[in-house]
Structure formats: C-alpha cells, structure tokens
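Below is one structure; the comments refer to it alone.
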C-alpha cells in the first residue's frame, strides 16, 4: 500500500488536495481529503470519496459504443482506436464540406475542472471550431458576474474568515460548497460573523443561517433592487468608490428608487423589515456576497 498525493480534476473550482491510498496494482483503495491545504482542510465531497467504488463498479463504461445502422437498434462495442478513427474521419469530412465553423463544441461538467478544462479547448481552438462560452446559456451569467465582481471572480476564499457578514445568494453552500461553508462557520465561531442566506427554499444552509431571506422564485432582481433602494435612500452608498470603479450608476439609481417597499414586498414576498435588517448589516460591517447559479441564471 502507498499514499499518492494528487488533486481532484472534477468540474469544480475547489480542486481538492487528495491523499489516495492505492495497492500494489495501483487500484484505488481509499480517497481522503488532505489537511495540508488550508482550503481543502480535510474536507472533500462524496464524489471524490466514492472514487474507489466508482472505478471498480460493474456499471462503469470502459469501452466506446457505436450505434447500429438502421433498421437495427442498439449499439456495438468497439475498440478505442476504432472510435477515435471514426471521430477523426467525421470531423475531417465535415470541415472539408462545410468549413471549420460548422463544428460546434458543447461541453460542460464531468472531469473538466480547473486542472483539465483547457485541454479540450486547445484542440477545438486549433481546429477553428465554433465554441460557446462554457454552455449556450452561460455568457449572460458570466457577463453579469463580471459586472458585479470586476475583473476577478471575487476574493480569496480564505478572506471569508475576515468578514462580518457572509451572504450566500442563490445556492446551498452547506451541500454544494462545503469548503466555503466551513470557512463561513469558522468566521461565525471565531469572528462573530453573521451568515445570511437568500434562497426560496429552506435549504440546509438556510436552516443554519443567522438570517434567511426567502424570496419568491424568480424575484431575485426585485429583491436586489429593493436592497439597493434602502441603501441609496439612507445614504449608505460609497459614492467615491462608485464613481471610480463602476459604470451606469445614475441609471441604476433611478431604477432602484422605483422599487418602493410596497412594490418589492408584493413582487418578492419578503417583508420590508427583512430587507431593512439586511441593509443595516451590510452598512455596519465588512460584507462579502457569494453568488450562485440560482441568481445569475
């Protein structure tokens, strides 16, 4: 037996450090999260921990399959070289007949995390294929996140421990982001931070939050405008920062002030008292917003 130190390559930005126990045949026996990385900190998800069962499962697909020609149904198992040759032939034929841009790359999850996501894109870029921004529907979400966070997607996760308010908006961090949740709960324990969850569902995170705001599904924008209305009308905005680092504030301010307490309550189902409470918390203490896909979609 030996322990191999490696990292998880799944579709996840956390890239967990892992201690993998293998036998003399390099069969995976056990997967544990490393404690040497302060972010991983001994925590990994069930997917990584379940790799010993996944890699030896009788249901695991080990060979490519090609659909049978009509009128037959089903698939034929083939060797890898045969399948790769078929892909190559079809790509060449398509490019010769219709041009390089007629090939569209669609990829998303699976084993395409931060460590591996660039490999396939280098291939398709070299071919001159048409590529999407991650998925067909992701471009608008990425643009919105860029406008919110700026040139970077937020701050170092370790900085969560320095914040007084940690807002998880639109995702269940307790189950889908265990490392961020662990840092947030440590900040609450050590630094008396407050955890705020914005989620229509009473998720595991909502149950453990200091403040749970429960908007109607699809009303996140109205809730955000309501919060902006409160901060603007109470002179709780940093105009110098806004002038230096943002664009379109004049138009945004005008729209936010249209969202009166009555209108926001009607659209979101959230009491104005709840919005006031969150606004006061944001004004009084350093705050970080962690935005999930539930909002940017």
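The values are calculated or read from the model by the stated rules, or taken from the named source; none is laboratory data. Model, not experiment: these values are computed from the prediction. Please note: Cβ atoms are built from the backbone with ideal geometry, for glycine as well, and neighbour counts cover all protein chains shown.
Here are some notes:
- Residue 229 vs. criteria buried (at least 20 other Cβ atoms within 10 Å of the Cβ), at pLDDT 95 or above and out of contact with any strand residue (DSSP E or B) (no Cβ under 7 Å at 6 or more places or on another chain): yes
- Condition met for residue 62 (in a helix (DSSP H, G or I) and without any contact (Cβ under 8 Å) to a residue 40 or more places away in the chain): no
- Test: residue in the stretch 96-109 that is in contact with a helix residue (DSSP H, G or I) (Cβ under 8 Å, 6 or more places away or on another chain), over 24 Å from residue 175 (Cβ atoms) and modelled with pLDDT under 90: yes
- Test: residue in the stretch 7-18 that is in contact with a helix residue (DSSP H, G or I) (Cβ under 8 Å, 6 or more places away or on another chain), buried (at least 16 other Cβ atoms within 10 Å of the Cβ), more than 22 Å from residue 158 (Cα to Cα) and free of Cβ contacts under 8 Å to residues at least 60 places away in the same chain: no
- Filtering the stretch 241-294 to residues that are in contact with a strand residue (DSSP E or B) (Cβ under 6 Å, 6 or more places away or on another chain) and closer than 30 Å to residue 12 by Cβ leaves 281, 285, 287, 288, 289, 290, 291.
Listed here are the residues, each with its yes/no results for (1) surrounded by 12 or more Cβ atoms within 10 Å (Cβ to Cβ); (2) farther than 30 Å from residue 130 by Cα.
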residue	(1), (2)
2	no, yes
31	yes, yes
43	yes, yes
78	yes, no
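- Residue 193 satisfies every condition listed in (1) within 24 Å of residue 141 (Cα to Cα); (2) surrounded by 15 or more Cβ atoms within 10 Å (Cβ to Cβ) except (1).
- Residues of the stretch 225-241 classified as closer than 13 Å to residue 280 by Cα, over 30 Å from the mean Cα position of the chain (by Cα) and either outside the structural domain of residue 285 (by TED's automatic domain parsing) or in a helix (DSSP H, G or I) (or both), total: 1
- Qualifying residue in the stretch 209-223 (condition: within 27 Å of the chain's Cα centre (by Cα), assigned to a helix (DSSP H, G or I), under 21 Å from residue 147 (Cα atoms) and modelled with pLDDT of 95 or more): yes
- Residues that are surrounded by 17 or more Cβ atoms within 10 Å (Cβ to Cβ) and more than 22 Å from residue 157 (Cα to Cα), drawn from the stretch 279-295: 279
- Only one of 258, 244, 250 that is part of a helix (DSSP H, G or I) and farther than 20 Å from residue 286 by Cα: 250
- Scan the stretch 67-119 for residues that are over 27 Å from residue 47 (Cβ atoms) and in a strand (DSSP E or B) and the total you get is 3.
- Residue in the stretch 277-288 that is assigned by TED's automatic domain parsing to the domain that holds residue 212, in a helix (DSSP H, G or I), over 23 Å from residue 141 (Cβ atoms) and touching a helix residue (DSSP H, G or I) at 6+ places or on another chain (Cβ under 6 Å) present: yes
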